[in-house]
Amino acid sequence: MNVKDVFTNCKLLKARYLILLVACVFLAIALRLIVVADEGFLKKQTNLAMRAIGDDLLRSGHDFQTPVPPIEQIDPETLRLKFAQPISIDPDDLLTISLKHISSHISLNSIVQVLDAETEEIVYGFEINHLENKDIPCIGRTLPSSTYYLDVSFHDQKATRYTASFPALSLAGVSLIFFTLFGLTFSKRSIPKLEESDLLELNGFHLNLELNQIISEGEIIQLTDKEMEILSILFEHEGSLVTREYLMNEVWIKKGVVTGRSLDMYISRLRKKIKNIPHVQVLNQHGKGYIFKLV
């Protein structure tokens, strides 16, 4: 393979992955637009749920005149309802009303708390967990008429409804086009044409000596220089024992190199790289050497 071919292949590879990168960027932006829209929708849902709870609590006390006060955001997960007038709260009614309006698509897990308006101390509370049943404490003990705050903390909110705007759908469509282009270019990728001297082949198993690659059934596995030298020697003696001394001599000693690395280490790395090729084995004869087999 000449320099021009290598350069051409590099440019094609870069083009493929540039297409993939652009597709991922467009898709990420599209998903972000969708999620942001959904977060806004969930916020509106929780506000409406709080107002509905406040309205039903007032109605349960036969108060049909007092308006439901505005909802306050205490922290990112907690909303507060401040009753302006004294109200008597029946825990049974509060539980029934809360379960009615805080459904699983709004929040899988919620904490409902009643606070004394003057001290802001918690006078009653319970957890709504849609994933498991839990006992609710103090049912049946009516809270005396007083001014209360109602806090609800919404945890584990799930984005089950998505608002896909036109820009989001457009970007998603563009990303789909780029993913399709990447798929087409990737599926058409072919093994580079090689000079015969650069390629060893046996029963569909190829070694690209120039690029240090194993090519088998369309899969390309990259090797280091030493791994390729060792494997090419074993490959040329397929089915026969290659002694440790011969490998050490050919790969290192003839070149005047003394290595502290173990030959077994390189063999182990080779085995890991070819383990997913079902018909290839590198067998060890303890103390003698190695045998490369195409099963």
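We did not get these values from a lab; they are worked out from the coordinates using the rules stated. No experiment lies behind these values; they were computed from the predicted model shown. We place every Cβ from the backbone using ideal geometry, glycine too, and count neighbours over all the protein chains shown.
Let me know the volume per residue of the alpha-carbon convex hull for the range 196-294, in Å³. All intermediate terms of the calculation are to be shown ahead of the outcome.
Values: hull volume 9.9 nm³, N = 99.
Looking at the range 196-294, the number lands at 99 Å³ per residue.
Mind checking the dipole of the range 196-294: about its Cα centre, +1 per Lys or Arg Cβ, -1 per Asp or Glu Cβ, Debye to the nearest 20? Intermediate values should be presented prior to the final figure.
Numbers: 12 positive and 14 negative charges, 132 e Å.
Dipole of the range 196-294, to the nearest 20 debye: 640 debye.
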Given an 8 Å cut-off on Cα distances and at least 6 residues of separation, report the relative contact order of the range 65-155 as a percent. 41 percent
Give the long-range amide H neighbours of residue 74: residues separated by 5 or more places, or on another chain, with amide H under 5 Å away, using H modelled in the peptide plane at 1.01 Å from N. 79, 80
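Dipole magnitude of the range 58-144 about its Cα centre, charges +1 at Lys/Arg Cβ and -1 at Asp/Glu Cβ only, in debye to the nearest 20?
Numbers: 6 positive and 14 negative charges, 64 e Å.
Its charge dipole is roughly 300 debye.
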For the pair residue 262/residue 285, report the inter-label distance in nm, with labels modelled 7 Å from Cα in the Cβ direction. 2.1 nm
Note, ³J(HN,Hα) from phi for the range 107-112, Karplus 6.51, -1.76, 1.60, rounded to Hz, x at Gly and Pro: 7, 6, 9, 9, 10, 10
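Test of understanding: what is the full-extension gain from residue 210 to residue 255, defined as 0.36 nm times their sequence separation minus their Cα-Cα distance? Kindly include the intermediate steps, with their values, before the conclusion.
Values: separation 45, 0.36 × 45 = 16.20 nm, distance 1.90 nm.
That works out to 14.3 nm of additional length.
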The long-range amide H neighbours of residue 89, using H built 1.01 Å from N in the peptide plane and a cut-off of under 5 Å, are 143
